[in-house]
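Remarks on the structure that follows.
Here, each number is a calculation from the coordinates, and none is a lab measurement. The model shown is predicted, which means the values in this text are computed figures rather than measured ones. In this analysis, Cβ positions are derived from the backbone assuming ideal geometry, glycine residues included, and neighbour counts consider all displayed protein chains.
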Amino acid sequence: MTTNTTPNPSNIERVVMRRVRTIRLVRPIFSMGALAFVIFILALWGIGREVWVARVFENAPGSLALLPGFYFAAFENTRLAVQLLTLATVGSLIYLARATAGLVSSVLTPARA
């Protein structure tokens with residue numbers, strides 16, 4: 001492969017390099033992490049539209065031992081839409097936590113030759 005070292009790149013080279021730069025800029029936007037983040041935000045917004053979240057926290061018991069049962073009963077007695085949005089929120093949060101842990105691990109772990 002020859003490299004073009006002339007000051008004026010050919011038209012084909014300009015088009016190809018413009019496409020390469022565009023792909024490098026757009027790739028993070030369409031990644032799975034970005035999709036999970038968008039799902040997380042939209043699901044939270046949907047839950048906020050369907051449920052008065054402040055009232056749920058106000059009605060929660062003061063004892064830590066009773067909290068799991070309360071939240072399970074609250075989840076069980078909501079509409080299907082809220083249940084699906086809650087599962088989407090939890091699923092995307094788990095994916096984001098896993099992706100973040102993998103990213104941090106790859107940054108902190110030295111590369112082996």
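Ignoring everything except DSSP H segments at least 4 long, calculate the 222 nm mean residue ellipticity for the chain; use -39,500 (n - 2.57) per segment, divide by total residues, nearest 500.
For the chain, the value works out to -24000 deg cm²/dmol.
I'd like to know which of 52, 16, 38 lies farthest towards the positive end of the charge dipole of the chain, counting +1 on Cβ of Lys and Arg and -1 on Cβ of Asp and Glu.
So the residue furthest toward the plus end is 16.
Which ordering of 78, 22 is given by a fewest-first count of other beta-carbon atoms within 10 Å?
Starting with the residue having the fewest Cβ neighbours, the order is 22, 78.
How far is the Cα center of segment 1-72 from the Cα center of segment 84-113, in Å?
Segment 1-72 and segment 84-113 have Cα centres separated by 13 Å.
How high is the relative contact order of segment 31-108? Use alpha-carbon pairs under 8 Å, at least six apart in sequence, and give a whole percent.
53 percent
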